[in-house]
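Please treat every number below as a calculation from the coordinates, not as lab data. Since the structure is predicted, the reported quantities are computational estimates derived from the model, not experimental observations. So basically every Cβ, Gly included, is an ideal-geometry build from the backbone, and we count neighbours across all protein chains shown.
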Amino acid sequence: MNWLIWAVLSAFFAGLTAVLAKVGVENVNSNLATAIRTVVILIFAWSVALFTKSQPLSTIGKRTWIFLILSGLATGLSWLCYFRALQLGEASRVAPVDKLSVVIAIALAAIFLHESLTWHHWVGGVLIFEGATVLAYA
């Protein structure tokens with residue numbers, strides 16, 4: 001399968017996550033809900049890595065470890081904020097605002113990864129921003 005199919009599957013599961021999480025945080029502290037979700041993901045991710053016979057941990061370089069750890073911390077902070085937002089707001093409004101991460105990722109990729117931005121990136125980013133704004137204030 002190519003990247004687009006995986007990306008569409010990712011979007012589907014992210015959308016499903018929003019609905020399931022909204023119901024899941026109804027009667028529990030959002031931080032505890034994030035911790036429970038994280039344990040499930042931890043077990044799931046390690047199961048997949050072991051089942052698919054991924055590379056040995058000893059072959060991973062120091063730089064890679066640093067960036068994966070930083071990415072994990074950013075993910076954890078994102079999830080804590082996302083679950084709190086879901087607890088306080090409607091999933092149909094929270095999820096689109098969360099997707100502003102696409103616009104932020106485009107900007108950060110241009111700044112730090114020196115990726116070239118085409119007019120497609122600009123138009124798409126503006127449309128995502130506008131769509132999230134419209135949905136957040138609907």
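The label-point distance for Thr133 and Leu4, in a model that sets each label 7 Å from Cα toward Cβ, rounds to 3.0 nm.
Please give the length that would be gained between Ser92 and Ala107 if that part of the chain were fully extended, namely 0.36 nm times their separation in residues minus their C-alpha to C-alpha distance (nm, one decimal). The partial results should precede the final answer.
Numbers: separation 15, 0.36 × 15 = 5.40 nm, distance 2.48 nm.
In short, 2.9 nm is gained.
Note down the net charge around Ala132, summing +1 for each Lys or Arg and -1 for each Asp or Glu among other residues with Cβ under 15 Å from its Cβ.
Numbers: positive: Arg93, Lys99; negative: Glu90, Asp98, Glu130.
Once positives and negatives cancel, what remains is -1.
Considering every Cα-Cα pair within region 17-130, what fraction, in whole percent, is farther apart than 23 Å?
Working: 3120 of 6441 pairs.
Of all Cα-Cα pairs in region 17-130, 48 percent lie more than 23 Å apart.
Using a cut-off of 24 Å between alpha-carbon atoms, which lysines can reach Lys99, once sequence neighbours fewer than 8 places away in the same chain are excluded? Those lysines meeting the cut-off are Lys22. With viscosity 1.306 mPa s and temperature 10 °C, the Kirkwood radius over alpha carbon pairs of region 99-138 converts through Stokes-Einstein to a diffusion coefficient of 151 µm²/s. Placing a label point 7 Å from the Cα of Trp122 along the Cα-to-Cβ direction, the residues of region 87-108 whose backbone N falls under 19 Å of that point are 103-108.
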